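Working notes, structure below.
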Amino acid sequence: SAERVLVHTAKLEAGKAYQTHAILFENRSREPFKGSVTINYAPWTPREGRTAARQSFNIAVPAGKSVEQSFIMCLENPRLWNWRDPCLYKVRAELRDADGKLVDDSVLTTGIRTVEQDGERLLVNGKEEMLNGVQIMGYRMPVETLARYNRCATLEQLAEELIMTRKCGSNLLRVHVHAAEATADGINDPRIAEMCDQLGIMLAWQTPSWIREGAWEAIDFTNFAAYARQVYNSPSIVDWELSNHPNKFKGKGLKYSIDFVESVMRCVLAVD
């Protein structure tokens, strides 16, 4: 089976997009599996369209094993995702056995875009952008249900907040839900990312690994990768935030601060 499909744009050049697909295959049988995976791209928003690109790759998975394999395919003249024109594609990965029989498939939506930092400049698809935004604090009235809606907002509440974000001229939302002080307790609500993909709002993203303050070692580095992969395919996420302001640096020397920065960077770069 195709258990997980992670997609990102490796590079853009001369009217071409090179898309990387990391697919986790799981073979639960006692026999080796040989077959193929076919990756299809079709426009999804703002209008659905026919298949724009399709490519097949041979695969082999040992008996009783899980294997992640990467596949790169090129799209000609793709429509790129940006906050002004948030175009999305539907990607379907079809797993077939050696006889060509469909065994499993996985469908996701994503956008074709790159994010880079060049000195002090943020580049989206190679063009300089400025992030102008607001943040969600997670406090949603009435007070009687505030704690519930802090972590589990209704779809209507989230839609209202995101539409307000666009109406006030912002292109960025910082997902910054306050809960406790020094425990890992951010949120990872994929509905926010899915709607921002479609509305054209870039995101500074939390994950439940996030801590508000305290010692930075309380960040849940172990599980960050699992949380990040849940929303990995959302082109709206341009920044991963692992903490707000850990504040136990006093009297500990510069190395303690350096260890914090390096730990965060290693954690994020291992996934994205």
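Given the Cα-Cα distance of V103 and H178 and 0.36 nm per residue of separation, how much length would full extension add, in nm?
So the chain would gain 22.6 nm between V103 and H178.
Counting only C-alpha contacts under 8 Å and six or more residues apart, can you give the relative contact order of the range 97-188 as a whole percent?
Reported as a whole number, the value is 24 percent.
Once neighbouring chains are kept in place and the probe is 1.4 Å, which whole percent of the accessible area of the range 88-210 is contributed by carbon and sulfur?
52
When we measure straight from the Cα of K11, which lysines land under 20 angstrom away, once same-chain ones fewer than 8 places off are left out?
Counting by Cα, and skipping residues close in sequence, K11 has these lysines nearby: K90, K127.
Using only Cα atoms, tell me the angle between helix 221-230 and the longest principal axis of the chain; keep it within 0 to 90° and round to the nearest 10.
Compared with the principal axis, the helix lies near 60 degrees.
For the chain, what is the accessible area per residue in Å², given a 1.4 Å probe and the full set of protein chains?
Normalised by residue count, the accessible surface of the chain is 53 Å².
So what is the relative contact order of the range 20-78, in percent, for Cα pairs below 8 Å that sit 6 or more residues apart?
About 48 percent, as a whole number.
For the range 1-98, what does the convex hull of the Cα positions come to per residue, in cubic angstrom?
Per-residue hull volume (Cα only) is 94 Å³.
On a 0 to 90 degree scale, rounded to 10, what angle separates helix 254-269 from the longest Cα axis of the chain?
Helix 254-269 sits at roughly 30 degrees to that axis.
Calculate how steeply helix 155-167 sits against the longest principal axis of the alpha-carbon atoms of the chain, using the helix alpha-carbon long axis, and give the answer as 0 to 90 degrees to the nearest 10.
Tilt of helix 155-167: around 80 degrees.
The values are calculated or read from the model by the stated rules, or taken from the named source; none is laboratory data. Bear in mind the structure is a predicted one, so any value in this text is a computation, not a measurement. With ligands, DNA and RNA removed, areas are computed over all heavy atoms of the protein, side chains included. Shrake-Rupley method; radii C 1.70, N 1.55, O 1.52, S 1.80 Å.
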